[in-house]
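These notes concern the structure reproduced below.
The values are calculated or read from the model by the stated rules, or taken from the named source; none is laboratory data. Just so we're clear, the structure is a prediction, and the values are computed from it rather than from any experiment. Here Cβ is always computed from backbone atoms with ideal geometry, including for glycine, and neighbour counts include all displayed protein chains. All accessible areas refer to the heavy atoms of the entire protein, side chains included, with ligands and DNA or RNA removed. Shrake-Rupley method; radii C 1.70, N 1.55, O 1.52, S 1.80 Å.
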Amino acid sequence: MAIRSTEAASNGTNPTSLTDPASQAGAAGWREPRVFTSAFRDRLPPGTPGTGSNWRWLFSGIWLIYLIQPVIDLFHHGGALWIAGGLVIVVAFCGIYMPTLMYHDDRPRLALAGLVAIALLAVLACVVYGKDWTPLWIYVSAASGMVLASVASRERAFLAVLGVSAAYLVCCWISHLDIGTTLAVLLPVVLIGLAMIGFRMQMTLMRELAQARGTVAKLAANEERLRLARDMHDLTGQSLSMITLKSELAAKRLAKLPSSAERDAWLTEHGDIARVSRQTLHDIREAVSGYRRPTLAVEVITAGNALEAAGVGLDDDPGLTLRSGTFDADAEAVLAWCLREAVTNVIRHSRARHCRIRLTERAGELALEVTDDGRGFTSQDSPTGSGLRGVSERLSAAGGSLALGAATAGHGFRLTATVPVHATSQTDHACGL
């Protein structure tokens with residue numbers, strides 16, 4: 001077992017604390033729900049509410065039909081250049097508005113750029129073509145509420161809607177729009193923007209609900225497996241142990257009888273009974289141990305819930321779930337324990353805002369790497385904490401190694417646990433499972 005350390009986690013970590021998100025949230029304070037990206041949506045079943053569908057293009061784009069009025073007015077005033085300029089503005093506005101509204105989750109930076117672009121196009125249209133184009137600000141307000149509520153926060157989205165409303169009023173003043181029409185259009189500019197903020201928050205809650213249901217189902221299945229393992233052990237273990245004991249006692253009594261072919265035959269039969277019962281008891285204990293063995297797939301779900309509750313953003317590797325169950329079970333159990341311990345340290349000691357988890361394979365070894373952007377190494381940190389010491393012992397039993405150090409650019413903390421791909425060990429027994 002080799003430990004190469006330039007930074008270390010703090011003492012006294014309890015791995016089971018990951019299963020109590022509420023306590024972590026209480027310690028860290030409530031945070032806004034994290035942004036849901038396409039990677040998260042891919043893990044949800046098709047048709048999950050809040051994940052979008054092909055119909056969203058229709059329901060979002062159908063309202064652009066109201067732009068036909070200012071387009072028709074183009075043909076009643078001015079020449080070909082005037083008409084062409086207006087058509088270019090309309091096409092550019094629609095071509096930027098729809099992707100901005102549809103892909104703000106997948107490409108937040110481009111969505112923000114698109115938001116700025118449609119606002120500039122609205123200003124240009126109002127200044128050049130006049131008051132008939134002020135309704136463009138309704139669409140700008142809708143996009144602002146949806147995009148900023150997704151990539152920033154509700155507060156910033158609310159301020160953006162107010163800013164768009166102010167820009168609309170300035171354009172109305174420049175284009176000399178009458179007060180009645182100005183106030184009539186101002187109402188949808190404000191209300192639709194606020195409605196889009198609420199709609200975005202509803203989508204977020206629906207996605208969180210879908211995620212919670214999936215997590216509850218997986219944890220319930222895991223709990224049921226543990227219950228079956230306990231029942232199997234309790235109901236059959238004692239009976240099989242009694243059969244083994246009785247067979248051995250019967251064999252000892254038979255051995256005291258005068259030697260004969262029949263006695264020897266009965267001794268052989270009783271020996272077979274004892275051997276089969278012992279093997280069955282061993283197989284059942286192995287099965288129970290297998291049911292209780294931690295896996296990366298379960299641990300990454302638990303870690304994600306705990307990190308989210310603590311307000312720490314998670315960048316996880318899909319390989320953690322995909323590779324789970326495809327290599328040696330003992331090696332996976334060791335990496336699962338390491339993941340639990342590492343995430344616990346991130347939550348309780350690092351003061352980090354982001355955590356990154358990766359699983360890589362190189363030169364016949366699997367490496368689990370957990371990094372954060374927290375406080376990193378301090379003079380109070382000790383490499384002999386009970387949590388890290390337990391991780392080291394498990395990795396040593398599996399023929400692996402543990403590396404501790406600074407994360408990228410010298411900031412934060414990195415834990416790297418490495419095990420042979422085909423490692424076999426009695427780690428679970430050493431861990432007292």
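At a glance:
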item	result
Other-chain or far-sequence residues with amide H under 5 Å of E365's (modelled H)	V421
Rounded to the nearest 10 Å², the accessible area of F75 at probe 1.4 Å	120 Å²
Label zone at M98 (point 7 Å along Cα-to-Cβ), backbone N below 18 Å, segment 62-76	62-69, 71
Computed E for L209/K252 - FRET, C-beta separation, R0 51 angstrom, nearest 0.05	0.20
Solvent exposure, largest accessible area first (probe 1.4 Å, DNA, RNA and ligands not counted), of M242, M196	M242, M196
FRET efficiency, A166 to R375 (Cβ-Cβ, R0 45 Å, nearest 0.05)	0.60
Residues in segment 305-321 reached by a label modelled at R358 [backbone nitrogen below 11 Å; 7 Å Cα→Cβ]	317
Accessible surface, 1.4 Å probe, highest first, among residues H411, H349, H104, H77	H411, H77, H349, H104
Potential extension, E224-T408 segment - 0.36 nm per residue separation minus Cα distance	62.1 nm
Relative contact order, percent, segment 249-352 [alpha-carbon distance under 8 Å, six or more residues apart]	26 percent
Separation of the L191 and R389 label points, Cα + 7 Å toward Cβ, nm	6.7 nm
Order of exposure, largest accessible area first, which applies to R414, R275, R253 with probe 1.4 Å	R253, R275, R414
Computed FRET value (nearest 0.05) for A80 with L120, which takes r as the C-beta separation and R₀ as 30 Å	0.80
Whichever lysines have a C-alpha closer than 20 Å to that of K246, once near sequence neighbours (fewer than 8 apart) are set aside	K256
Accessible area (Å², 1.4 Å probe, nearest 10) - R200	0 Å²
S396 accessible area, 1.4 Å probe, all protein chains in place, Å² to nearest 10	60 Å²
